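These notes concern the structure reproduced below.
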Amino acid sequence: MSRTLPAWLRPAPDSVVADNIKIGRWPWLDAIHLLWTVWVFITPLFAGGYTWRWAGITLASYPVFVLLYVMTLLSSRRHVAIFAIGMVVLGISLLGVYPSAISYFVFGCVGLRINRCISTTRYLVELLALNAVFVAQTSWIGYPWQAIAWVPVLSIIIGLIVSGERSGQEKDAALRLSHEEVRRLAATAERERIGRDLHDLLGHTLSLITLKLELSRKLFDRDAERSRIELAEAEQIARDALAQVRSAVTGFRAADLAAELASAHLLLESSRVHLRYSAPPAMPAWIESGLAMILREAVTNIARHAQANEAMIAVRSEGNAVVLEVVDDGRGGVSANGNGLAGMRERVEAMGGTLAIDSPRSHGTRLEVRIPVNGVTTASIDHAALAMRHDTPLSDGARA
């Protein structure tokens, strides 16, 4: 759709609209602040009433103001100040004949911080300078002292509030980038480890099998019995290599549970979900690996679908089993047969455990996974190796 717009109406890569698109928000979410321009149409009630002159100036100036505001959302950080100053100039220039222009001035002051990476101190200095101009202009025109007093206070307070919000958004963006970078580096390190492990595991073995098969081929016509022995040895070497590869595959994507808890804390806090958790107890490596993958799916579900304010993760030993409990205070109503939970249940069953879900609508969700310490089987290892071949998380469709 943006291709059909004029070039000057297309969002810059570092604009507010582009930033909203990147994080999955409605592109024009910030345009909701235009609702405050209702004061443009209310001000005449306190300044002499509605006149034909007021109507004419409004028809001429309001579209210009809206265009300038839209450009602060579409333009890059380098140019956004130009359009904010444009709103300030529009407001200052009309104050003598159009009291509604006060709203244009306030919007211009706030617009200076919409998409610029500047310190609060510098922004406050800019606000003070612009409001000094406003006070001088309105005093010369003869505005009531009440208007001269409250407009600077209002513009500075709103400006500082917006500055605080923008600083928080910038920190959140940096946090998301840091989180993505950590995952990218972890994935790169994992690929390198897999390559090294496979090379060390299979390089010598395949070379030995090749030599055995070449020797068997050469002995086939001269010494059939020796040839069969070489073939049998090659077969046994291949079987041993297959068992080693199968064992290695189960560990290629094994995750440390403590690291996964830290990652869960980072993901949920960046989604504004407060997480409470404690350090996990000691447990067999195969249980830790499986629970880490299950925990990743459960936390992803909370971040994407739960609309929760708080979550709790507990890992504890109970008798001859390890229990993982994940609780959130979100919207609940989770379907036990959802695709994501079905995949999670398959993973739990492959480990010989059980999964219980309690999710009353509007009362959050409680998920409990119980894995017996002696529950691993050869079948479960085969299932885990098969499941780990898929790169797509199983949790995307967990919540309807």
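The values are calculated or read from the model by the stated rules, or taken from the named source; none is laboratory data. Owing to the predicted nature of the structure, the values given are computational and were not obtained by experimental measurement. When we count neighbours, we look across all protein chains shown, and the Cβ atoms used for this are built from the backbone with ideal geometry, even at glycine.
Hey, any hits in segment 57-77 for a residue that's of a type in the set (Lys, Arg) and touching a Phe, Trp or Tyr at 6+ places or on another chain (Cβ under 6 Å)? No, that holds for no residue.
Taking the criterion of being in a helix (DSSP H, G or I), among the small types (Gly, Ala, Ser) and in contact with a Phe, Trp or Tyr (Cβ under 8 Å, 6 or more places away or on another chain), would at least one residue in segment 137-156 satisfy it? Yes, because at least one residue in segment 137-156 is in a helix (DSSP H, G or I), among the small types (Gly, Ala, Ser) and in contact with a Phe, Trp or Tyr (Cβ under 8 Å, 6 or more places away or on another chain). Note on segment 49-111: enclosed helices (runs of 4 or more DSSP H) holding 3 or more residues that are out of contact with any Lys or Arg (no Cβ under 8 Å at 6 or more places or on another chain) and free of Cβ contacts under 8 Å to residues at least 40 places away in the same chain are 52-74, 80-94.
Evaluated against (1) at pLDDT 80 or above; (2) assigned to a helix (DSSP H, G or I), Ala279 falls short on exactly one condition, (2).
Taking the criterion of being closer than 18 Å to Pro11 by Cβ and at pLDDT below 90, the residues of segment 31-71 that qualify are Ala31, Ile32, His33, Leu34.
Is it true that Val16 is out of contact with any Ser or Thr (no Cβ under 6 Å at 6 or more places or on another chain), in the same structural domain as Phe107 (by TED's automatic domain parsing) and at pLDDT 85 or above? Here the answer is no, as Val16 does not meet what is asked.
Of all residues in segment 256-284, those that are farther than 15 Å from Ile294 by Cβ have Cβ atoms under 6 Å from Cβ atoms of residues that are surrounded by 13 or more Cβ atoms within 10 Å (Cβ to Cβ) and hydroxyl-bearing (Ser, Thr, Tyr), 6 or more apart or on another chain, in Pro281/Ser317.
When segment 23-39 is examined, which residues are found to be surrounded by 12 or more Cβ atoms within 10 Å (Cβ to Cβ) and either of a type in the set (Ser, Thr, Tyr) or within 23 Å of the chain's Cα centre (by Cα) (or both)? Within segment 23-39, Arg25, Pro27, Trp28, Leu29, Asp30, Ala31, Thr37 meet the criteria. Of all residues in segment 195-226, those satisfying the criterion of being within 14 Å of Val245 (Cβ to Cβ) and over 40 Å from the mean Cα position of the chain (by Cα) are Gly203, His204, Thr205, Leu206, Ile209. Of all residues assigned to segment 327-344, at least one qualifies as being under 20 Å from Gly364 (Cβ atoms), at pLDDT below 85 and among the hydroxyl-bearing types (Ser, Thr, Tyr).
Just one residue in the set Ser270, Ser289 is among the hydroxyl-bearing types (Ser, Thr, Tyr), closer than 20 Å to Gly352 by Cα and surrounded by 15 or more Cβ atoms within 10 Å (Cβ to Cβ); that residue is Ser289.
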